[in-house]
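Since the structure comes first, as structure tokens, the remarks are kept for the end.
The values are calculated or read from the model by the stated rules, or taken from the named source; none is laboratory data. Just so you know, these numbers come straight off a predicted model, no measurement behind them. So basically every Cβ, Gly included, is an ideal-geometry build from the backbone, and we count neighbours across all protein chains shown.
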């Protein structure tokens with residue numbers, strides 16, 4: 001865009017002042033025109049430069065905003081998917097130390113540590129399967145802590161504070177295991193009618209002893225299995241008298257043990273008559 005300037009002279013001035021339009025005036029007009037043209041060109045160049053720079057900045061800002069929006073969408077979708085997948089998962093706080101293997105700091109250096117009674121089977125039967133599962137890990141954690149404390153006491157040649165805690169935890173674990181087995185047996189009896197988890201039957205060996213034989217899977221039938229056929233699950237006729245003698249021996253030993261226990265109770269009653277009387281009253 002170029003701008004030109006012209007000097008317009010009316011016909012009246014051309015007639016009356018012909019001497020004004022001379023070579024100097026023409027030169028002056030040309031100089032003014034060139035200056036105006038240069039100023040307009042510089043202004044146009046400045047406008048074009050500023051507009052191009054502004055457009056580049058706007059494009060950069062638009063691209064950065066677009067990428068940030070895309071990243072935000074990806075993160076939001078990933079967080080939503082992870083939240084859906086991990087909704088049913090619950091974890092406790094992360095601890096990278098070894099504090100769980102040691103007793104509480106307030107119990108360090110104490111000779112005796114207070115502890116409660118072990119869990120009874122009656123208390124454990126009331127709990128749900130989820131509570132029993134949690135209690136199992138609590139008992140296991142407590143047992144590991146007590147075993148660590150016992151080993152450290154042996155290393156330092158010092159008495160372990162309150163060693164009965166380990167026995168209490170072991171009793172609780174044993175009773176919890178018994179309750180879980182009772183529930184498994186009752187559920188299996190209700191569903192399949194089998195007494196044991198692995199099917200089997202009572203059998204006799206060649207010595208006349210009765211034992212529980214658990215069934216196993218074999219790649220070939222039993223009548224083609226030479227190893228299975230070598231095992232004799234019957235009682236020979238010449239072993240039957242010895243079986244009766246073995247049963248008689250067992251019954252005699254049982255009666256002898258009961259007689260010895262009764263004699264021992266009578267002797268203790270004669271030595272401590274007052275305590276025996278108090279025990280009989282209660």
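Of everything in the range 230-270, what is under 13 Å from residue 206 (Cα atoms) and within 56 Å of the chain's Cα centre (by Cα)? Give them in sequence order.
Once the filter is applied, which keeps residues that are under 13 Å from residue 206 (Cα atoms) and within 56 Å of the chain's Cα centre (by Cα), the range 230-270 yields 230, 231, 232, 233, 234, 235, 243.
Quick check on my filter: what residues within the range 219-238 are surrounded by 11 or more Cβ atoms within 10 Å (Cβ to Cβ) and over 20 Å from residue 209 (Cβ atoms)?
225
Checking residue 146 against (1) farther than 30 Å from residue 198 by Cβ; (2) in contact (Cβ under 8 Å) with a residue 40 or more places away in the chain; (3) in contact with a helix residue (DSSP H, G or I) (Cβ under 7 Å, 6 or more places away or on another chain), which single condition isn't satisfied?
With (1) farther than 30 Å from residue 198 by Cβ; (2) in contact (Cβ under 8 Å) with a residue 40 or more places away in the chain; (3) in contact with a helix residue (DSSP H, G or I) (Cβ under 7 Å, 6 or more places away or on another chain) applied to residue 146, the lone miss is (2).
Please specify each residue of the range 119-131 satisfying the condition of being in contact with a helix residue (DSSP H, G or I) (Cβ under 6 Å, 6 or more places away or on another chain) and assigned to a helix (DSSP H, G or I).
Passing the criteria: 121, 124, 125.
Quick check on the range 177-197. Is at least one of its residues assigned to a helix (DSSP H, G or I), assigned by TED's automatic domain parsing to the domain that holds residue 126 and loosely packed, with under 10 Cβ neighbours inside 10 Å?
Looking through the range 177-197, at least one residue is assigned to a helix (DSSP H, G or I), assigned by TED's automatic domain parsing to the domain that holds residue 126 and loosely packed, with under 10 Cβ neighbours inside 10 Å.
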